[in-house]
Amino acid sequence: MVPQPPAENLAMQNGKEREGKGAAYQVMCPGTGRIGVVWIPDGNAPGAPAIDPEVVARQAVDSMKLVGPDIAINPKPGGKGLVGMPVWMAVDQSPTTYGPNSASATAGGVTVTATAKVKSIVWNMDDGTSVTCSGPGTVYRKSFGMKQSPDCGHVYKQTSDSALIHRRGLKVIV
């Protein structure tokens with residue numbers, strides 16, 4: 001660093017605790033945006049910068065083509081359902097929407113392979129509840145009738161109007 005930080009600077013104080021003379025260097029990592037100051041003793045000139053595996057992993061993830069899944073919900077969003085009638089929820093499965101999707105990146109001598117896959121899906125039901133599904137769910141078919149979803153479903157216990165009123169702090173009996 002030109003000029004070197006003043007003697008009271010922490011980087012300089014840390015350097016004085018070590019034997020010998022040296023200098024403070026500013027280190028910038030463009031991949032992560034990290035900036036710092038390090039003390040390097042004389043005669044130990046910095047070599048090639050170390051490869052940060054986190055940066056390489058981000059490059060691998062950035063190269064994946066990940067998109068949000070198409071959802072299948074019955075009744076349809078914005079449609080009308082009946083209180084007490086099961087709602088079935090599901091998402092499509094493909095490598096770009098559900099995984100697994102893998103990509104690798106290499107920098108210097110470091111290679112990182114990243115794999116993206118859905119662990120769970122959390123559905124906000126807009127009635128104060130959320131449903132966490134550990135799989136993609138099952139798409140509803142008319143032949144299922146009034147059965148509840150075997151793996152990803154919800155049953156509304158009140159109308160949306162009364163849920164909205166209830167969330168505003170009013171107690172209404174419908």
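The values are calculated or read from the model by the stated rules, or taken from the named source; none is laboratory data. Since this is a predicted model, take the numbers as computed values, not measurements. Glycine gets a Cβ as well: all are built from the backbone with ideal geometry, and neighbour counts include every protein chain shown. Just the protein is used for accessible areas: all its heavy atoms, side chains included, with ligands, DNA and RNA removed. Shrake-Rupley method; radii C 1.70, N 1.55, O 1.52, S 1.80 Å.
Just wondering, is there one or more residues in segment 122-131 that are of a type in the set (Phe, Trp, Tyr) and under 30 Å from PRO53 (Cβ atoms)?
Checked segment 122-131: no residue is of a type in the set (Phe, Trp, Tyr) and under 30 Å from PRO53 (Cβ atoms).
Hey, could you check segment 1-35 for residues that are modelled with pLDDT of 75 or more, open to solvent by 100 Å² or more (accessible area, probe 1.4 Å) and more than 34 Å from the chain's Cα centre (by Cα) and say which is nearest to THR106 (Cα to Cα)?
Applying the filter and picking the extreme gives VAL2.
Being surrounded by fewer than 15 Cβ atoms within 10 Å (Cβ to Cβ) and either in contact (Cβ under 8 Å) with a residue 24 or more places away in the chain or assigned to a loop (DSSP other than H, G, I, E, B) (or both) is the filter here; which residues of segment 138-147 pass it?
Listed by number, the residues that qualify are ARG141, GLY145, MET146, LYS147.
Return the pair list, or none, for Cβ contacts closer than 9 Å from residues in segment 101-123 that are at pLDDT below 90 to residues that are of a type in the set (Asp, Glu) and open to solvent by less than 80 Å² (accessible area, probe 1.4 Å), at least 6 apart or on different chains.
Taking only residues 6 or more apart or on different chains, the pairs are ALA107/ASP52; VAL110/ASP52.
Name the residues in segment 108-132 that are under 17 Å from the mean Cα position of the chain (by Cα) and open to solvent by less than 40 Å² (accessible area, probe 1.4 Å), would you?
ALA114, ALA116, ILE121, TRP123
Among the numbered conditions (1) loosely packed, with under 13 Cβ neighbours inside 10 Å; (2) modelled with pLDDT under 90; (3) in a loop (DSSP other than H, G, I, E, B); (4) of a type outside the set (Asp, Glu), tell me where PRO150 comes up short.
Only one criterion is unmet by PRO150, namely (2).
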